[in-house]
């Protein structure tokens, strides 16, 4: 499961004032991480049971850690699988972002993710020969959707939605809340967020962590974002990694090389209209690196995307903020 830069809630509380909507907080675990939801409810209704059920349905569709999930069965070449709407939404968005990024975002990196030890199988003895042998099974143009069936050009192709599924899950949970008439909420799962409305007439505020590779140390904020009717996702190379032979290996795999991405970006935060878009591009930008990401945003005129990048410049942390995001973000330091 992709591990993202942790985003924390700020100043949340429950209010049970007379004749006032209550600020309900619910939380749990799913998709190998934790989730938190805060929302205003006039009827003071707790939706945790329904949320848990939705999360189980999504996992049964797209979790590579569940042998009976749709994606696991497809990866194991079960030709009888008919995919559900969750799978279709994520698959189609994945292909869209793959096209936009010339394949830098690619959900067919499953064999590489597993080989490097970041998937559901044990790390292999990685060498150039192994990577070359796996690269022939990587390429988003080798998979397609035909009705409700996934067609793979090669049986060895394995899909991995971990770089996009949590962002999509945030969208699904937000849509559920709105279907219940809830229009003031903040949804978070694994660091991906979506906000609507306000909290006690104030905009929702969320924090972006400073990059810190040391587990167990106090997490400090780099910036605070006013998240207004938008979704936000952060991808970083400093949480899920390992060191071997004096080298650091991150969980973000570059589909061009088959090796973990090595760029000067430490974390990429993307704000978009929905979580699925923000999540996918956050991963893509980590592969692109700082300058290419900035050029991508300029050349492709992706005005719907706002970014906050933390990058390394000769051993010092630096940040880059989209011009349109500057009025909605506060640097902590």
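The values are calculated or read from the model by the stated rules, or taken from the named source; none is laboratory data. The structure displayed is predicted, hence computed values, not measured ones. Please note: Cβ atoms are built from the backbone with ideal geometry, for glycine as well, and neighbour counts cover all protein chains shown.
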**Item:** Which listed residue is touching a strand residue (DSSP E or B) at 6+ places or on another chain (Cβ under 7 Å), touching a residue at least 60 places away in the same chain (Cβ under 8 Å) and either within 30 Å of residue 40 (Cβ to Cβ) or surrounded by 16 or more Cβ atoms within 10 Å (Cβ to Cβ) (or both), from 169, 101
**Value:** 169
**Request:** Report, by residue number, each residue of segment 260-289 that is without any contact (Cβ under 8 Å) to a residue 60 or more places away in the chain and either in a helix (DSSP H, G or I) or within 16 Å of the chain's Cα centre (by Cα) (or both).
**Result:** 266, 268, 270, 271, 272, 273, 285, 286
**Request:** Kindly provide the set of residues from segment 81-116 that are within 27 Å of residue 296 (Cα to Cα) and assigned to a loop (DSSP other than H, G, I, E, B), ordered by number.
**Result:** 101, 102, 103, 104, 105, 106, 107, 108, 109
**Request:** Please tell me if residue 289 is at pLDDT below 90, under 30 Å from residue 115 (Cβ atoms) and surrounded by fewer than 24 Cβ atoms within 10 Å (Cβ to Cβ).
**Result:** no
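Matching residues to (1) over 20 Å from the mean Cα position of the chain (by Cα); (2) farther than 20 Å from residue 226 by Cβ; (3) assigned to a helix (DSSP H, G or I); (4) without any contact (Cβ under 8 Å) to a residue 24 or more places away in the chain:
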residue	(1), (2), (3), (4)
291	yes, yes, yes, yes
304	no, no, no, no
309	no, no, no, no
326	yes, no, yes, yes
330	yes, no, no, no
**Request:** Among residues belonging to segment 58-80 that are in contact (Cβ under 8 Å) with a residue 12 or more places away in the chain and assigned to a helix (DSSP H, G or I), point out the one that is surrounded by the fewest Cβ atoms within 10 Å (Cβ to Cβ).
**Result:** 59
**Asked** When you go through (1) under 22 Å from residue 293 (Cα atoms); (2) touching a helix residue (DSSP H, G or I) at 6+ places or on another chain (Cβ under 6 Å) one by one for residue 99, which number turns out not to apply?
**Response** (2)
**Request:** Tell me which residues, restricted to segment 26-49, are surrounded by 15 or more Cβ atoms within 10 Å (Cβ to Cβ) and more than 18 Å from the chain's Cα centre (by Cα).
**Result:** 26, 38, 39, 40, 41, 47
**Prompt:** Are there any strands (runs of 3 or more DSSP E) wholly within segment 1-57 with 2 or more residues that are touching a strand residue (DSSP E or B) at 6+ places or on another chain (Cβ under 8 Å), modelled with pLDDT under 90 and more than 19 Å from residue 195 (Cβ to Cβ), and if so which?
**Reply:** none
